[in-house]
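First the structure, in the form of structure tokens, and then the observations on it.
The values are calculated or read from the model by the stated rules, or taken from the named source; none is laboratory data. What you are looking at is a predicted structure, and each value in this text was computed from that prediction instead of being measured. Virtual Cβ from ideal backbone geometry, glycine too; neighbours counted across all protein chains shown. With ligands, DNA and RNA removed, areas are computed over all heavy atoms of the protein, side chains included. Shrake-Rupley method; radii C 1.70, N 1.55, O 1.52, S 1.80 Å.
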Amino acid sequence: MEVKEKKVGLENEEYIINMGPQHPSTHGVLRLVVALKGEIVQRVEPHLGYIHRGIEKMCENLTYQQIIHLTDRMDYLSAHINNEAVCLTVEKALEIEVPERVKYIRTIMSELTRIQSHQLFWATFGMDLGGLTCFFYGLRDREKVLDIFEESCGGRMIVSYNTPGGLMNDIHPNFQNRVKEFLKYFRGVIHEYDDLLTGNVIFQERSKGMGVMTKEEAIAWGLTGPTGRASGFSCDIRKHYPYSAYDRVTFREILFDEGDVFHRYLARMEEMRESMNIIDQLIDNIPEGPYTAKMKPVIKLPEGEYFQSVETARGELGVYIVSDGNKNPFRVKFRSPNFVNLAPLNLMARGSKIADLVAIGGSLDLIIPDIDR
Amino acid sequence: MMEKSQLCAALTTIVPEAVTVEGKQFAELTVAPQNLRSVIGRLKEDPGLSFDILVCLTGMDYGTDLGVVYHLRSYALNHMAVVKTRISDRENPAIDSICSIYPGAEFHEREVYDLLGIKFNDHPDLRRLFLDSTWGYPLRKDYKDDVNIVLK
Amino acid sequence: MKSVIEYFKGIYNGIKSLLVGMSVTGGYFIKPGTTLTQQYPDNRDTLVMFERFKGEVVMPHNEKNEHKCTGCGICEINCPNGSIEVIPTTEVTEEGKKKRIIDKHIYHLGMCTFCGLCVKTCPSQALAFSQEFEHAVFDRKKLTKVLNQPGSKLMKGVE
Amino acid sequence: MEFSIYDFSSFTAWIDQSLRASMSPGLALAIEMLIIGVVILIFYAIVGLFLVYAERKVCALMQNRLGPNRVGPGGMFQTIADLVKLLFVELVPIKNADKILFSLAPYIVIIASFMAMGALPFAKGLHAIDLNIGVFYLMAVSSMGVVGVLLAGWASNNKYSLIGAMRSGAQIVSYELSVGMSLVTIVVLAGTMQLSEIVQAQQYGWFIFRGHIPAVIAFIIYIVASTAETNRGPFDLAEAESELTAGFHTEYSGIRFAFFFLAEYINMFIVAAIATTVFFGGWMPFNVYGWEGFNKVMNLIPPFIWFLGKTGALIFLIMWFKWTFPRLRIDQLLTLEWKYFLPINIVNVLIMALIVLLGWHW
């Protein structure tokens, strides 16, 4: 009798494993405490803070120009878009209209950033699922975008190209040619992405129907970006609240209804194509003009609160600046998309297998420095 | 899509206990902490407003008071509103959690608790998120850290 | 019957998708010319960085060992990380006026985040980015550099 | 004494006779065993090192890279350098690990692959032992490695290792079935289990051609199932890098890890060699009945070159799988076996038996 009781006790025992902070599939220092029953995930509990640098606190002692270089380091794959978010907030507060040229360049740069971010997503997602070759193809193509960045901005990932009122320097004379060259090249090789992964029967089996978020759940949890749009939640800031030159271009908002891993992946693949179309519409029409608006050397925002959202590669990045009239902000808050997208991980992964947890985590495309800030 | 002034008028009728001001960007509501949950609940449920998504939840330290700022958005109707609340008790600040209304608020509230020390009543899992329990509340204005924060 | 057809259709489509994937990798295997690897230490001589590449902050000197830095300290104020220290001194000019000139322009490469604000805000364009990217050193002290060369002077005409 | 690279039987017989002439039969047998052991050990090391190098180069080219190219010409000695490094790496002791089992596990894995090596016919007359149940023996010993994997996972006192080992157990037990069934298909066709006779029967036409469609299906199933049995991608669930860090060998370091690493490659060689022997005529050159001139040219190439060439081609195929496909999930892996391979295999064996009974094969 006693033996039997013991056995029951063992059956109810959860097998707890620590995924991370150092683990190949967490893409950084995220720690997931996973309670398992056999291979089935019972509960996932994210533990954060391994790369918390207190960016919001640091911002309180920096000027608005100096904040820019910190935002590069939040979501390092959307560095340009993060820069733009802060710049737009400051410009909105000062009620400055930036030159048309700046708007066009910012939009092109943002879309290039989105493309390279999704390329890296494709690369690492393939690797998460065990297709190691994807990693190299993805990075190979991403290198070309980074070269464009390096030529104009001077940095590859950490670009710091935007500054309140405009850009740090004008685009390189070679910029347009290089971008067109890249678009031509990338249109030629993007079919490989589909051949290698999208169409693959193993990949489809692994990703279809996994980690489903319905539209209602996605809205309730505030999922944005491709993650939210794969669930049918129309949340593209570029469409709803156009900024920079997005009101001048036509593009499709990628929406799917299924909300599973496969459609999150598909949403990103489609977004890459859509981004190329946006760049196509803008690249030949960059107006001549100054690359920055006239700005005072010391920027002091009028007292008040300012909020601006932009669409990064992962979702909505909100910048909330409270100013008390000084050259330093009183409070800066970044509503980072990854932080919000991570929250329902437990909901998505419960009841699936460890391998699915990796796939689900990969499909959210988490950037840990953006979560911790 | 409603104009800001229209939205303010609608807000005043639906949530009369909140003070509605037309801010620079959005309609701003100031709510007493005890009314917070019911106000936000009504903002979400009302079909004319339908604030379906909590965009941002910010903890604030105004120097004397602590505060929480909620940015709500309706994607269906394309408008935004800001709900603000202030807590004067710095020693033991507490406010109602809105996790039951917006499940996505869970992490946001944990973050605010972690960095500002504001407790959220009825939060399902209120623990510190980034820092360990021996740490202070770094986003408070009176936070002192002589080792890591060097001001020139 | 329908399920049987589905079963075999599934097998057929699955195998086809696998073969398509294999054709991509196999295609690259038989085209070894497509490799992109840069053999880094070997191609050091031919490796050219982009002209705007933010390698490290330098202070360009002309052939007469003159620089443009007036020692105003704007770069120091603008640096978000405190990686620049300007140590000024005074000098008596020919007209007998006291003038602030630079003694040492200290640059901590280890703290620099390459945001470019110092270069951009310098009123006399005294600073620039070099394309040097091999920063690794064995001693952290070597990352602290004095940018103005010993015995250098302020260029004529720069105020 | 005549010696030819086309037929090793006279050479081996000469060694046997000269040994027996000078000493007692027991001692001669012992010395023969010793010689064979040393030869296989050397061959084992060479094949292992070469395959590691080959895999790196193959995957590098598939991924648009160059692969190892620093040590020696074209990076030839990279694997040797790695081996030397692994020999000097500290064997990290694991707290609370079952020490005996922990150190035993890599040896079991490597012995299992070693044993299979002995029965392979490399060329005419060049095999250590020609069992009359050769196919059966190969299957039996090659599946022994799973014991080592299970021990490694259990003894490591690591949760990831345990999951990896359990996956490996489930995987190998299931896929052993498919491997066996697909080999049985050919055994039905050949009418024997002796490897030398299987090879001999394929002189004019390899079994994959002679057996019509059932043989082709059997081959496809065999190559997939054996990839799974060797724990290689896309079936590398036991060591799934992105899920279980390194699975069952997470805690191993130094030479113990090298054993696991080497065993994986040798197992790949063995399954490819079995496939070569059973489906592709082993060391038999590609002969067509009646084409005398063509056959003569083909016969000029020595048999062990044929054998290694065919094996190499199959190994390349397995590598190609690994570097193209994403990994399966454990339940899909088992579904593939029990829902697709097993029923197809059973029907396949029946069809093959029918073909043999009716004499449709040629």
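Scanning segment C:109-124 for residues that are in contact with a helix residue (DSSP H, G or I) (Cβ under 7 Å, 6 or more places away or on another chain), open to solvent by 20 Å² or more (accessible area, probe 1.4 Å) and either more than 14 Å from every other protein chain (Cβ to nearest Cβ) or β-branched (Val, Ile, Thr) (or both) yields C:Gly110, C:Thr113, C:Thr121.
From the residues in segment B:46-64 that are surrounded by fewer than 20 Cβ atoms within 10 Å (Cβ to Cβ) and under 21 Å from A:Ala220 (Cβ atoms), which one is farthest from the other protein chains (Cβ to nearest Cβ)? Full working, then the answer.
Initially, segment B:46-64 is screened for residues surrounded by fewer than 20 Cβ atoms within 10 Å (Cβ to Cβ), giving B:46-48, B:50, B:52, B:62-64.
With under 21 Å from A:Ala220 (Cβ atoms) added as a condition, the list becomes B:46-48, B:50, B:52.
Values: B:Asp46: 16, B:Pro47: 15, B:Gly48: 18, B:Ser50: 10, B:Asp52: 5 Å.
So, considering only residues that are surrounded by fewer than 20 Cβ atoms within 10 Å (Cβ to Cβ) and under 21 Å from A:Ala220 (Cβ atoms), the one farthest from the other protein chains (Cβ to nearest Cβ) is B:Gly48.
Note on segment A:162-234: enclosed helices (runs of 4 or more DSSP H) holding 1 or more residues that are within 9 Å of chain C (Cβ to nearest Cβ), farther than 30 Å from A:Ile283 by Cα and open to solvent by 50 Å² or more (accessible area, probe 1.4 Å) are A:201-207. Residues that are open to solvent by less than 40 Å² (accessible area, probe 1.4 Å), away from every other protein chain (no Cβ under 13 Å) and out of contact with any helix residue (DSSP H, G or I) (no Cβ under 6 Å at 6 or more places or on another chain) occur in segment B:79-93; there is at least one. Checking the structure you have, find out if any residue of segment B:109-124 is under 22 Å from B:Thr12 (Cβ atoms), surrounded by fewer than 22 Cβ atoms within 10 Å (Cβ to Cβ) and within 13 Å of another protein chain (Cβ to nearest Cβ). No, segment B:109-124 has no match at all. Among the conditions (1) more than 14 Å from chain A (Cβ to nearest Cβ); (2) surrounded by 23 or more Cβ atoms within 10 Å (Cβ to Cβ); (3) assigned to a helix (DSSP H, G or I), the only one that D:Asn267 does not satisfy is (2). D:Phe114 satisfies every condition listed in (1) open to solvent by less than 30 Å² (accessible area, probe 1.4 Å); (2) in contact with a Phe, Trp or Tyr (Cβ under 8 Å, 6 or more places away or on another chain) except (1).
Entry remark, segment A:145-161: residues being touching a His at 6+ places or on another chain (Cβ under 9 Å), part of a loop (DSSP other than H, G, I, E, B) and not hydrophobic (A, V, I, L, M, F, W, C) number 2 in total.
Out of curiosity, is A:Ile171 touching a residue at least 40 places away in the same chain (Cβ under 8 Å) and closer than 30 Å to A:Thr63 by Cβ?
Details: touching a residue at least 40 places away in the same chain (Cβ under 8 Å): yes; closer than 30 Å to A:Thr63 by Cβ: yes.
So A:Ile171 fits the description; yes.
Give, as residue ranges, the strands (runs of 3 or more DSSP E) completely inside segment C:92-159 that count at least 1 residues that are without any contact (Cβ under 8 Å) to a residue 40 or more places away in the chain. Before the answer, list the steps.
Values: elements: C:98-108, C:128-130, C:144-146.
Hits in segment C:92-159: C:98-108, C:144-146.
Determine whether segment D:246-255 contains at least one residue that is part of a loop (DSSP other than H, G, I, E, B) and within 14 Å of another protein chain (Cβ to nearest Cβ). The answer is yes, given that some residue of segment D:246-255 is part of a loop (DSSP other than H, G, I, E, B) and within 14 Å of another protein chain (Cβ to nearest Cβ).
Do we find that A:Asp257 is over 28 Å from D:Gly233 (Cα atoms), away from chain C (no Cβ under 14 Å), open to solvent by less than 50 Å² (accessible area, probe 1.4 Å) and not aromatic (Phe, Trp, Tyr) in this structure? Working first, answer last.
Details: over 28 Å from D:Gly233 (Cα atoms): yes; away from chain C (no Cβ under 14 Å): yes; open to solvent by less than 50 Å² (accessible area, probe 1.4 Å): no; not aromatic (Phe, Trp, Tyr): yes.
No, not satisfied.
When D:Ile36 is tested against (1) open to solvent by less than 80 Å² (accessible area, probe 1.4 Å); (2) free of Cβ contacts under 8 Å to residues at least 24 places away in the same chain, exactly one condition is not met: (2). Report yes if C:Gly27 is outside any loop (DSSP other than H, G, I, E, B), modelled with pLDDT under 85 and either open to solvent by 40 Å² or more (accessible area, probe 1.4 Å) or within 13 Å of another protein chain (Cβ to nearest Cβ) (or both), otherwise no. Yes: the conditions hold for C:Gly27.
So that you can scan it fast, the table gives a plain yes or no per residue for (1) within 23 Å of D:Met117 (Cα to Cα); (2) over 25 Å from the mean Cα position of the chain (by Cα); (3) assigned to a loop (DSSP other than H, G, I, E, B):
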position	(1), (2), (3)
D:Trp283	yes, no, yes
D:Leu314	yes, no, no
D:Phe321	no, no, no
D:Leu342	no, no, no
D:Val347	no, yes, no
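Taking D:Glu239, is it more than 14 Å from chain A (Cβ to nearest Cβ) and either over 17 Å from D:Ala116 (Cα atoms) or polar (S, T, N, Q) (or both)?
So D:Glu239 fails the test.
Within segment D:311-334, residues that are touching a residue at least 60 places away in the same chain (Cβ under 8 Å) and within 14 Å of chain A (Cβ to nearest Cβ) reach partners that are open to solvent by 30 Å² or more (accessible area, probe 1.4 Å) and part of a loop (DSSP other than H, G, I, E, B) with beta carbons closer than 8 Å, at six or more positions or on different chains, in the pairs D:Ile330/A:Glu39. Taking segment D:187-231 as the range and being in a loop (DSSP other than H, G, I, E, B) and either surrounded by fewer than 22 Cβ atoms within 10 Å (Cβ to Cβ) or over 19 Å from the mean Cα position of the chain (by Cα) (or both) as the test, the residues that pass are D:Gly191, D:Thr192, D:Met193, D:Gln194, D:Ala201, D:Gln202, D:Gln203, D:Tyr204, D:Gly205, D:Trp206, D:Gly211.
Residues in segment A:329-341: is at least one touching a residue at least 24 places away in the same chain (Cβ under 8 Å), in contact with a Pro (Cβ under 7 Å, 6 or more places away or on another chain), within 11 Å of chain B (Cβ to nearest Cβ) and not charged (D, E, K, R)?
Taking segment A:329-341 and keeping what is touching a residue at least 24 places away in the same chain (Cβ under 8 Å), we get A:329-341.
If we keep only those that are in contact with a Pro (Cβ under 7 Å, 6 or more places away or on another chain) as well, we get none.
Scanning segment A:329-341 turns up no residue that is touching a residue at least 24 places away in the same chain (Cβ under 8 Å), in contact with a Pro (Cβ under 7 Å, 6 or more places away or on another chain), within 11 Å of chain B (Cβ to nearest Cβ) and not charged (D, E, K, R).
Is there a residue being crowded, with 19+ Cβ neighbours inside 10 Å, part of a loop (DSSP other than H, G, I, E, B) and more than 12 Å from chain A (Cβ to nearest Cβ) anywhere in segment B:22-45? No: segment B:22-45 contains no residue that is crowded, with 19+ Cβ neighbours inside 10 Å, part of a loop (DSSP other than H, G, I, E, B) and more than 12 Å from chain A (Cβ to nearest Cβ).
Of the strands (runs of 3 or more DSSP E) lying entirely inside segment A:295-373, those containing at least 1 residues that are modelled with pLDDT under 85 span A:304-311.
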